[in-house]
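Single-structure report; data block below.
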Amino acid sequence: MKILTAEQLREADSYTITNEPISPINLMERAAEACTHWITEHFSKETHFVVISGMGNNGGDGLAIARQLLNKGYRVETFIVPFFSKASESFLTNKMRLEKSSTPIAIKEADDINITQIDNKDVVIIDAILGSGLSKPVDGKLAEVIQKINSLHLPIIAIDIPSGLAMEDNTEFDKKNIIRANFTLTFETPKLSFLFVDNAENVGEFVILNIGIDKKFLSEQKSSNYWVTKDMIAQIFNHRTRFSHKGTYGHALLIAGSYGKMGAAVLGAKSCLRSGVGLLTTHIPKCGYDILQTSVPEAMVVTDEEEQEFSGAKNISNFNAIGIGPGIGISEKAAKGLKILIQEASVNMVLDADALNILSENKTWLSFLKPESIITPHPGEFARLDGKSSTAFEAYNKQREFAIKHGIYVILKGAYTSIAMPGGDVYFNSTGNPGMATAGSGDTLTGIILGLLAQGYSPRHAAVLGVYIHGLAGDIASQEWGENSLLAEDITNCLGKAFQYIES
């Protein structure tokens, strides 16, 4: 799914209106119906809704929702924020419809009341003040209204986008002048700003609603940002054939572990095997031999010349893909071994953890990486590679530029893990949960991506599929063990169900 700009979404509305065809007011009614359906599915009739609307099309959405909720028997109050030079035609039409609805309702102006006096018993606020066309920070009386709404500390449902939030860059925006929503009901595609940690308290949980915008038109729009969906994953997933054998699915080499960190090698090896790889060889220090042979009997083991750490891998020509980093340490010997490996390797690689920490201390070695290599840093590791960022939007731009500059794939782990491509595209992942913020979770991701690379997936597809299936397995695991108790091995143990879901 493409993540589009405000202008592209306006054009999509216009195209749908002209070519479906449908009138603007009926398209707005359809959008309101989608919102009302979600609201009534999640809130009981005891809920008291307070709809606060602006005077543009977002305000028109709010008034239409208010009328529909009234017709379904909900208690609704409506306030209009009057600090606008003019009202949109659709807003005026929905205002008239609300005033003439069968259930009497008083429409008040937000500046004529003290918003802080709203009876907060069972109240949920519906924010429909400003939509996706915001181009500058909110200030003045409108900012005061938003601040008063936030000060109520009531549940808030934002329509399309929280009022005061820009669709992309909010660097210059004052956070106190942006609605703090618990839920955001957005239309057709997420907004880029929803995916940045800086805006999490404003967006809350966002839900993408289909309002019938022309899908062909949306798919034809140019975008460098994508939201990864199950449909997208289904298109790149390779099904097994009846006459395939283990050789069909590749031979992976995982270089991992050191004294005290053999768990990283175990976790990476297990997830690699669960990803479907045909053969796996693990390269580990001698001290981990018994651990690997006992913990992962399906994996073959070769030991390093060193007893307790990685110093170099020999005979790497027989592998289809190589993964390195989990638990290898950052000693001088490990660094030397990594440098030689990335200079000599001719197959696709994924690098994580200590491999990235070594590169951050030897940045000139980045030029040795094979084109289309994959790196999987968390924010701290990426900051060591490319410098700290003051905002998530800045980090997003740095990640994209880093991928282009070095011709590699950069997977920046976190909520909505982002995957920057060498060509400049960025994919945001839709699976995963906070329970995955646990030791070893990154090692399992490395193993999954390594396994996919060895099976013949392109680095692009291995990165996108690997991140998605990792998050999906984490979601399945959280349903059984909960987020607080989730372990990295739980993610691996749920990979089978995750693959079954993709195939369904």
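Laid out as a table, the results:
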| item | result |
| --- | --- |
| Proximal charge balance of Val51 [Cβ under 9 Å; K/R count +1, D/E count -1] | -2 |
| Extension gain from Ser85 to Glu394, taking 0.36 nm per residue of separation minus the Cα-Cα distance | 107.8 nm |
| Average accessible surface area per residue within the stretch 330-370, 1.4 Å rolling probe, Å² | 45 |
| Ranked by how many other beta carbons lie within 10 Å on average, peptides 87-100, 267-280 from highest | 267-280, 87-100 |
| Accessible area of the stretch 404-504 divided out per residue, in Å², using a probe of 1.4 angstrom | 34 |
| Accessible area of the stretch 1-115 belonging to carbon and sulfur atoms, whole % at 1.4 Å probe | 50 |
| Zero-based 5 Å bins, Cα pair distances in the stretch 387-489, whole percents | 2, 13, 21, 21, 19, 13, 7, 2, 0 |
| Qualifying GluC sites (Glu not before Pro) in the stretch 300-329, DSSP loop, other Cβ atoms within 10 Å at most 16 | Glu305, Glu307 |
| All-pairs Cα distance distribution in the chain, expressed in whole percent, bin size 20 Å | 22, 46, 25, 7, 0 |
| Charge sum, other residues only, whose C-beta stays under 10 Å from Gly442's C-beta, Lys/Arg counted +1 and Asp/Glu -1 | -2 |
| Estimated distance in nm for a label pair at Tyr289 and Glu401, the labels positioned 7 Å out from Cα along Cα-to-Cβ | 4.9 |
| Charge dipole (the chain, unit charges on Cβ, about Cα centre) - positive-most of Thr364, Leu465, Gly133 | Leu465 |
| Rg over Rh, two decimals, the stretch 237-330 (C-alpha only, Kirkwood Rh) | 1.00 |
| Long-range HN-HN contacts of His48 with modeled amide H, under 5 Å | Val123, Val124 |
| Kirkwood Rh, Cα atoms: Rg over Rh of the stretch 150-253 | 1.17 |
| Helix-only mean residue ellipticity at 222 nm for the chain, each DSSP H run of n ≥ 4 adding -39500 (n - 2.57), per residue, nearest 500 | -12500 deg cm²/dmol |
| Other-chain or far-sequence residues with amide H under 5 Å of Val81's (modelled H) | Ser53, Gly54, Ala110 |
| Euclidean distance between Cα centres, the stretch 26-44 to the stretch 295-320, Å | 57 |
| Point-charge dipole on Cβ atoms (K/R +1, D/E -1) for the stretch 341-492, about Cα centre, debye to 20 | 540 |
| Highest-first arrangement of 172-183, 233-244, 54-65, where packing means the average Cβ count within 10 Å | 54-65, 172-183, 233-244 |
| Over 31 Å between alpha carbons, listed pairs Lys45/Lys108; Lys191/Lys388; Lys148/Lys216; Lys246/Lys314; Lys2/Lys388; Lys95/Lys148 | Lys148/Lys216 |
| Pairs of Cα atoms farther than 17 Å apart, the stretch 64-190, % | 61 |
| Residues with amide H under 5 Å from that of Phe206, placed H, sequence gap 5 or more | Thr184 |
| Accessible area per residue in Å² at 1.4 Å probe, computed on the stretch 182-311 | 47 |
| Computed over the stretch 1-54, the ratio Rg/Rh where both radii use C-alpha atoms and Rh is Kirkwood | 1.09 |
| Distance from the stretch 212-230 to the stretch 407-449 (C-alpha centre basis), Å | 21 |
| Test item: Cα-centred dipole of the chain, Lys/Arg +1 and Asp/Glu -1 on Cβ, debye | 680 |
| Dipole magnitude (debye, nearest 20) for the stretch 261-330, charges at Cβ of Lys, Arg, Asp, Glu | 280 |
| Fraction of accessible area attributable to carbon and sulfur, the stretch 420-504 (%, probe 1.4 Å) | 44 |
| Counted charge near Phe499, where neighbours are those whose Cβ lies closer than 13 Å (Asp, Glu -1; Lys, Arg +1) | +3 |
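The values are calculated or read from the model by the stated rules, or taken from the named source; none is laboratory data. None of these values were measured; they are calculated from a predicted model. Positions of Cβ are generated from backbone atoms using ideal geometry, with glycine treated the same way; all protein chains shown enter the neighbour counts. For the accessible areas, the whole protein counts, side chains as well, though only heavy atoms, and no ligand, DNA or RNA atoms are used. Shrake-Rupley method; radii C 1.70, N 1.55, O 1.52, S 1.80 Å.
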